[in-house]
Amino acid sequence: MIRALAISLCLAGPAAAQAPSAILTDLWNDFSSTCAPFLENPVAAMAQPPANLQYLRQEQSADGRLFRRHQGRWGLGQYRLIEVAVGTQSAHVYCQIARTSPDHTFNSDAMEATLRQILPADGSMRMAGGFTALTLFDPNDDAEGDVDGVSQTYKKFLLEGALGARADLIVIEMSSPQVLFTVSTHVSLGANE
């Protein structure tokens with residue numbers, strides 16, 4: 001189970017009135033409530049998808065296996081995407097929750113500091129990463145426009161231990177003007193079907 005309660009309580013302290021903490025609190029709560037059911041039992045979660053999400057795509061193979069994509073966008077810059085592929089023994093779950101704001105530059109330093117504050121002292125949750133430089137190249141000159149040498153600097157982290165007993169990594173990306181939480185993993189269906 002995602003450690004949503006503990007993290008939300010840590011984030012909901014006095015700093016929660018500040019924009020970075022408020023953004024992270026909302027984002028984490030949304031990530032927890034949206035992704036947790038799909039990580040715990042993807043088949044059951046597909047039968048009752050979260051509110052405010054629509055089927056963008058649903059495919060069913062001849063053997064009855066399902067492939068679904070849900071997406072939701074509402075309010076100012078709130079976005080959710082879930083993709084689930086159900087195999088015979090496991091399912092692949094991709095869940096991404098984002099907050100974007102074209103009118104506001106997110107303070108990634110303050111958000112990183114807030115994330116680090118929620119890490120338990122016992123080491124059960126760990127975060128690695130920091131500033132990342134991304135440079136785009138087009139070796140075949142096939143892309144529209146000239147992307148050779150275009151670079152962007154943003155913060156990218158791997159969060160371990162936030163999903164309890166599950167060993168999956170949550171990828172957190174921060175760039176103005178967006179923050180993304182993403183998990184992409186396989187879930188065993190042994191006891192779920």
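Which is at positive phi, at pLDDT 85 or above and out of contact with any Lys or Arg (no Cβ under 7 Å at 6 or more places or on another chain), of Gly129, Gly149, Gly123, Gly161?
On the way: Gly129 fails: out of contact with any Lys or Arg (no Cβ under 7 Å at 6 or more places or on another chain); Gly149 fails: at pLDDT 85 or above; Gly161 fails: out of contact with any Lys or Arg (no Cβ under 7 Å at 6 or more places or on another chain).
Just a single option satisfies the conditions, and that option is Gly123.
Take the residues in the stretch 154-193 that are open to solvent by 10 Å² or more (accessible area, probe 1.4 Å) and among the charged types (D, E, K, R), then tell me which one is nearest to the chain's Cα centre (by Cα).
So, considering only residues that are open to solvent by 10 Å² or more (accessible area, probe 1.4 Å) and among the charged types (D, E, K, R), the one nearest to the chain's Cα centre (by Cα) is Glu173.
Restricting to the stretch 23-45, count the residues that are polar (S, T, N, Q) and open to solvent by 20 Å² or more (accessible area, probe 1.4 Å). Don't jump to the end; show me each part of the working.
Restricting attention to the stretch 23-45, the residues satisfying the condition of being polar (S, T, N, Q) are 25, 29, 32-34, 41.
So of that shortlist, the ones also open to solvent by 20 Å² or more (accessible area, probe 1.4 Å) come out as 25, 29, 33, 41.
Residues in the stretch 23-45 being polar (S, T, N, Q) and open to solvent by 20 Å² or more (accessible area, probe 1.4 Å): 4 in total.
Taking into account only those residues within the stretch 29-54 that are in a helix (DSSP H, G or I) and modelled with pLDDT under 85, which is farthest from Ser184 (Cα to Cα)?
Initially, the stretch 29-54 is screened for residues in a helix (DSSP H, G or I), giving 29-40, 42-47.
Imposing the further condition that a residue be modelled with pLDDT under 85 reduces the set to 46-47.
Values: Met46: 16, Ala47: 20 Å.
Residue satisfying both the conditions and the ranking: Ala47.
The values are calculated or read from the model by the stated rules, or taken from the named source; none is laboratory data. Since we're looking at a predicted model, the values are computed, not measured. Backbone-built Cβ (ideal geometry, glycine too); neighbour counts: all protein chains shown. Remember, those area values only see protein heavy atoms, side chains included, never the ligands or the DNA or RNA. Shrake-Rupley method; radii C 1.70, N 1.55, O 1.52, S 1.80 Å.
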